[in-house]
Amino acid sequence: MKPDYKNWIPKGMLFSLIAGTMLSLALLLAFGIFGIGVGGKLRVVLSVVFGIAFVVCAKYSEWCIYAYRSFSYDGERKLSKQIIDGTAEQITLPEGGVGLDIGCGSGALAIACAKRNPQGKMVGIDRWGKEYASFSLPLCEKNAAAEGVKNASFRRGNAVKLDFPDESFDAVTSNYVYHNITGKDKQQLLLETLRVLKKGGTFAIHDLMSPRRYGDMQAFVQKLRDMGYERVELLDTTDGSFMMSKEAKRLMLRGSTLLVGRK
């Protein structure tokens with residue numbers, strides 16, 4: 001049995017963009033180019049409106065297709081696997097230790113960490129919202145079984161308010177999750193995450209940490225250092241470590257990894 005980690009680009013979004021491109025082109029041809037049932041100024045207006053819609057949808061469709069191929073676990077690039085393995089490399093659990101993966105999706109990162117740390121175990125949590133309907137708790141369990149991993153378990157949870165006491169885990173991980181949580185201060189979410197990290201533990205998060213989403217992360221790094229955290233690093237993962245800068249530019253992604261070690 002082969003694991004199925006799905007694609008990080010939802011098929012629904014891909015198909016919707018392609019359908020939108022085809023529809024806007026059809027409307028442009030029907031009303032703007034051939035002028036079926038319309039004429040004069042109205043035809044000009046419809047030409048402009050449907051022309052803009054076609055160009056926008058076509059550009060987003062092109063990006064989405066490229067991203068879908070790049071993040072495919074079965075494709076040539078396998079960017080998802082590279083990011084997962086690179087993040088998992090940061091995690092070492094002590095004997096009998098427990099790690100937490102927040103927003104585990106299809107279980108990829110939790111399982112990768114569990115495979116690297118047979119002396120401990122991983123817990124993956126997710127709310128499995130409808131926007132990523134292909135991800136689910138049963139899927140995580142099936143993928144763990146397919147990988148022969150028995151030291152990983154999964155349950156429902158929410159990154160906004162973690163249902164765990166302070167200092168519950170020896171390591172905490174997350175990948176491409178927090179930028180999807182709208183209306184919440186990302187730095188406050190990170191502090192909530194660090195709340196459940198034990199002294200001596202490691203927190204590794206990979207995400208799109210743009211100033212628009214996360215605010216001033218350099219100032220946040222210094223804040224964590226002032227709070228007593230050690231090994232606080234903010235790494236650019238588009239420098240070739242996870243993806244090349246040219247690839248990141250085409251994908252319109254600016255990935256970063258925040259590593260935090262706690263005394």
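Below is a table of values for the structure above.
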item	result
Residue list for the stretch 230-251, filter: among the hydroxyl-bearing types (Ser, Thr, Tyr), touching a helix residue (DSSP H, G or I) at 6+ places or on another chain (Cβ under 7 Å) and either farther than 21 Å from ASP216 by Cβ or surrounded by fewer than 18 Cβ atoms within 10 Å (Cβ to Cβ) (or both)	SER241
Filter result (farther than 17 Å from ARG231 by Cα, at pLDDT 95 or above, among the hydroxyl-bearing types (Ser, Thr, Tyr) and in contact with an Asp or Glu (Cβ under 9 Å, 6 or more places away or on another chain)) within the stretch 160-213	SER174
Test: PHE71 is farther than 30 Å from VAL172 by Cβ, of a type in the set (Phe, Trp, Tyr) and crowded, with 18+ Cβ neighbours inside 10 Å	no
Answer residue from the stretch 1-57, given it is hydroxyl-bearing (Ser, Thr, Tyr) and at pLDDT below 95 and is nearest to LYS81 (Cα to Cα) among those	TYR5
Sole exception among (1) at pLDDT 95 or above; (2) assigned to a helix (DSSP H, G or I) for ARG69, by number	(1)
Scope the stretch 82-119; condition of a type in the set (D, E, K, R) and touching a residue at least 60 places away in the same chain (Cβ under 8 Å); matching residues	ASP101
Residues of the stretch 93-130 that turn out to be open to solvent by 10 Å² or more (accessible area, probe 1.4 Å), over 14 Å from ILE83 (Cβ atoms), out of contact with any Leu (no Cβ under 7 Å at 6 or more places or on another chain) and outside any loop (DSSP other than H, G, I, E, B), as a count	6
Residue in the stretch 252-263 that is modelled with the highest pLDDT, counting only those that are of a type in the set (A, V, I, L, M) and either open to solvent by less than 20 Å² (accessible area, probe 1.4 Å) or out of contact with any Phe, Trp or Tyr (no Cβ under 8 Å at 6 or more places or on another chain) (or both)	VAL260
Boolean, ILE205 is closer than 25 Å to LEU79 by Cα and either out of contact with any helix residue (DSSP H, G or I) (no Cβ under 7 Å at 6 or more places or on another chain) or crowded, with 24+ Cβ neighbours inside 10 Å (or both)	yes
Residue in the stretch 131-141 that is most open to solvent (accessible area, probe 1.4 Å), counting only those that are in a helix (DSSP H, G or I) and at pLDDT below 95	GLU131
Pairs with Cβ under 6 Å, 6+ apart, first in the stretch 133-156 and within 11 Å of ALA110 (Cα to Cα), second open to solvent by 30 Å² or more (accessible area, probe 1.4 Å) and outside any strand (DSSP E or B)	ASN143/PRO3; VAL149/LYS115; PHE154/LEU137
Within the stretch 7-57, considering residues that are without any contact (Cβ under 8 Å) to a residue 24 or more places away in the chain and hydroxyl-bearing (Ser, Thr, Tyr), the one most open to solvent (accessible area, probe 1.4 Å)	SER16
Residues of the stretch 178-201 satisfying the condition of being surrounded by fewer than 21 Cβ atoms within 10 Å (Cβ to Cβ) and of a type outside the set (D, E, K, R)	HIS179, ASN180, ILE181, THR182, GLY183, GLN187, GLN188, LEU191, LEU194, VAL196, GLY200
Of all residues in the stretch 203-225 being of a type in the set (S, T, N, Q) and in a helix (DSSP H, G or I), the one that is farthest from the chain's Cα centre (by Cα)	GLN222
Residues that are more than 24 Å from LEU162 (Cα to Cα) and either hydrophobic (A, V, I, L, M, F, W, C) or at pLDDT 90 or above (or both), drawn from the stretch 227-244	LEU235, PHE242, MET243, MET244
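The values are calculated or read from the model by the stated rules, or taken from the named source; none is laboratory data. None of these values were measured; they are calculated from a predicted model. Every residue, glycine as well, gets a Cβ built from its backbone with ideal geometry; the counts of neighbours run over all protein chains shown. Remember, those area values only see protein heavy atoms, side chains included, never the ligands or the DNA or RNA. Shrake-Rupley method; radii C 1.70, N 1.55, O 1.52, S 1.80 Å.
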